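Below is one structure, written out as structure tokens; the observations come after it.
The values are calculated or read from the model by the stated rules, or taken from the named source; none is laboratory data. Please read these numbers as outputs of a predicted model, since none were measured by experiment. Here Cβ is always computed from backbone atoms with ideal geometry, including for glycine, and neighbour counts include all displayed protein chains.
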Amino acid sequence: MSTSATCCGDRASNLVTIDMDEQKTAGVDAGVESEWRAAGLSPLWESAVSHKAVVDQAKVLHWRWRDLEPLISKAMTHVSPENVERRVLLFSDPYLSAPGRAMSSRTMNAGLQILMSGEVARPHRHTIDAIRFVLQGRGAQTIVNGQSCEMAPGDLVLTPGGCWHEHSHTGDEPIIWFDGLNGPLHRFLGTALFEPGPVSEQFAPACSSPYVEPALRPDVIDGGAEGCTIFRYPWQQVAAALDAAPQLLQGFRRVRYVDPATGHNPIPLMDLSAMQFDPRLRSTPHRTNANTICVVVEGAGETSCGENVFSWSAKDVFILPPNVWTTHRAEGAHARLFMLSDREIYRRLGVLQEAYGNQPGPLPQSNAI
Ligand SMILES: [Fe+2]
């Protein structure tokens, strides 16, 4: 993150600080404490967080496209996928990140990947799930388990955990896309595995999409036919779905990316959606303890998140802090956001807390599916 212009707040500076001197246990012999520490034991009462009302008054992290552009240009000239595996600049939360361990949120990382005309990014696979959302440029392809997925602005391409994937670019101009990955989750769980290419498997020839009508599910999926998985969601279809989506009482339209065979998330632990905010409507305040990363696809607007109020425009990226009342509104014509959330992780663990409205008090438990 560029601290000079693109961040709405420094999370680290907003933590409730704890006077560590007060945490020391008066009267405990220093020699005893040394014995405990030598044995690998740590007094709980000296913890900075246990039994303390630590409140992370987190603020929004916001990267404006106009600030990102010159930094992206430097990545184009200074590094090549030949020597860095992937040319990616990660959005880094200063509170969560450590040297060599940039993190965008507690469970998800986000970044910008750049590919120049004629470049390729060699195949590899990993247990970390990833999604790509194209911001600028066209003419690139991501090959996922043998399926070639075209990449044009607004297109979403999935590279689920375990799938071989590589990128190539035959277009004329550089292509830039948003990367979203659940790397921090897998690293915390100890399940982050990586395997470099070359691709070690044979894949069945990819079929053209069998999902030609929205209310009809071809039986071929029940037969487990390989090569029919959807890895690409063209923006044209998403835009049409948003146009037809009902205006919700909460003041927006939303479509969710799903696996058409199941109706569920195409990547189980990632919630992927597109939202539209129509003119003169402010969305109902919403808060959740899940993490949400937003990419501005079209238009401009304003978000109010706790004490933060900020304007955004096309290709900006912002990360909403958990547990803060948030509303959005378009400025001028309608505006559209692509959103990536780890809500499903919280839901499956039974710890999801979210609400609409301005109810005071603790977060209610969500019953939503
Ligand atoms: Fe990858």
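Would you point out which residue out of Ala290, Ala274, Ala355, Ala261 is touching a Lys or Arg at 6+ places or on another chain (Cβ under 8 Å), in contact (Cβ under 8 Å) with a residue 60 or more places away in the chain, in a loop (DSSP other than H, G, I, E, B) and crowded, with 16+ Cβ neighbours inside 10 Å?
Being touching a Lys or Arg at 6+ places or on another chain (Cβ under 8 Å), in contact (Cβ under 8 Å) with a residue 60 or more places away in the chain, in a loop (DSSP other than H, G, I, E, B) and crowded, with 16+ Cβ neighbours inside 10 Å holds for just one of Ala290, Ala274, Ala355, Ala261, which is Ala290.
Only residues that are of a type in the set (A, V, I, L, M) and within 28 Å of the chain's Cα centre (by Cα): list them for the range 196-205, please.
Once the filter is applied, which keeps residues that are of a type in the set (A, V, I, L, M) and within 28 Å of the chain's Cα centre (by Cα), the range 196-205 yields only Val199.
Please go through the range 97-121 and give me each residue that is under 16 Å from Thr170 (Cβ atoms) and in a strand (DSSP E or B), ordered by number.
Listed by number, the residues that qualify are Ile114, Leu115, Val120, Ala121.
Mind checking whether some residue in the range 235-251 is in a strand (DSSP E or B) and in contact with a Leu (Cβ under 6 Å, 6 or more places away or on another chain)?
So far as the range 235-251 goes, no, none of its residues is in a strand (DSSP E or B) and in contact with a Leu (Cβ under 6 Å, 6 or more places away or on another chain).
Exactly one condition in (1) within 15 Å of the ligand (Cβ to nearest atom); (2) surrounded by fewer than 20 Cβ atoms within 10 Å (Cβ to Cβ); (3) assigned to a loop (DSSP other than H, G, I, E, B) is false for Ile128; which is it?
For Ile128, the failing item is (2).
I'm checking my understanding of the structure. Among residues of the range 138-153 that are within 20 Å of the chain's Cα centre (by Cα) and outside any loop (DSSP other than H, G, I, E, B), which one is farthest from the ligand (Cβ to nearest atom)?
My answer is Met151.
Among the candidates Leu193, Leu249, single out the residue that is surrounded by fewer than 13 Cβ atoms within 10 Å (Cβ to Cβ), of a type in the set (A, V, I, L, M, F, W, C) and either more than 16 Å from the ligand (Cβ to nearest atom) or at pLDDT below 95 (or both).
Leu249
Give the range 84-96 a look and list any residue that's over 21 Å from Glu173 (Cα atoms) and within 16 Å of the ligand (Cβ to nearest atom), or say none.
Hit for the range 84-96 is Leu90, nothing else.
When you check Gly183 against the structure, is it among the small types (Gly, Ala, Ser), within 16 Å of the chain's Cα centre (by Cα) and closer than 24 Å to Met339 by Cα, yes or no?
yes
Of all residues in the range 105-119, how many are within 16 Å of the ligand (Cβ to nearest atom) and farther than 18 Å from Leu158 by Cα?
Number of matching residues: 1.
Name the one entry in Leu61, Leu135, Leu71, Leu41 that is away from the ligand (no atom under 16 Å from the Cβ), within 25 Å of Pro153 (Cα to Cα) and either over 23 Å from the mean Cα position of the chain (by Cα) or surrounded by fewer than 15 Cβ atoms within 10 Å (Cβ to Cβ) (or both).
Only one candidate passes the filter, namely Leu71.
Answer yes if at least one residue in the range 201-216 is farther than 20 Å from Arg87 by Cβ, among the aliphatic types (A, V, I, L, M), within 16 Å of the ligand (Cβ to nearest atom) and in contact (Cβ under 8 Å) with a residue 60 or more places away in the chain, and no otherwise.
no
Condition (residue is over 22 Å from Val79 (Cα atoms) and either within 16 Å of the ligand (Cβ to nearest atom) or in a loop (DSSP other than H, G, I, E, B) (or both)) applied to the range 164-177: is it met by at least one residue?
Yes - at least one qualifying residue is present in the range 164-177.
If I ask for residues that are aliphatic (A, V, I, L, M) and more than 12 Å from the ligand (Cβ to nearest atom), which ones from the range 178-189 would you list?
If the condition is that a residue be aliphatic (A, V, I, L, M) and more than 12 Å from the ligand (Cβ to nearest atom), then Leu185, Leu189 are the ones that fit.
Taking the criterion of being of a type in the set (Asp, Glu) and closer than 20 Å to Ile131 by Cα, would at least one residue in the range 290-305 satisfy it?
Yes, the range 290-305 contains at least one residue that is of a type in the set (Asp, Glu) and closer than 20 Å to Ile131 by Cα.
Could you tell me whether any residue of the range 263-276 is among the charged types (D, E, K, R) and either out of contact with any helix residue (DSSP H, G or I) (no Cβ under 6 Å at 6 or more places or on another chain) or modelled with pLDDT under 95 (or both)?
no
For the structure I just gave you, tell me whether Leu156 is over 19 Å from the mean Cα position of the chain (by Cα), within 16 Å of the ligand (Cβ to nearest atom) and among the aliphatic types (A, V, I, L, M).
no
Since Ile293 meets every condition but one in (1) under 30 Å from Gly137 (Cβ atoms); (2) out of contact with any Leu (no Cβ under 6 Å at 6 or more places or on another chain); (3) modelled with pLDDT of 95 or more, which condition does it not meet?
Against the list (1) under 30 Å from Gly137 (Cβ atoms); (2) out of contact with any Leu (no Cβ under 6 Å at 6 or more places or on another chain); (3) modelled with pLDDT of 95 or more, Ile293 comes up short only on (2).
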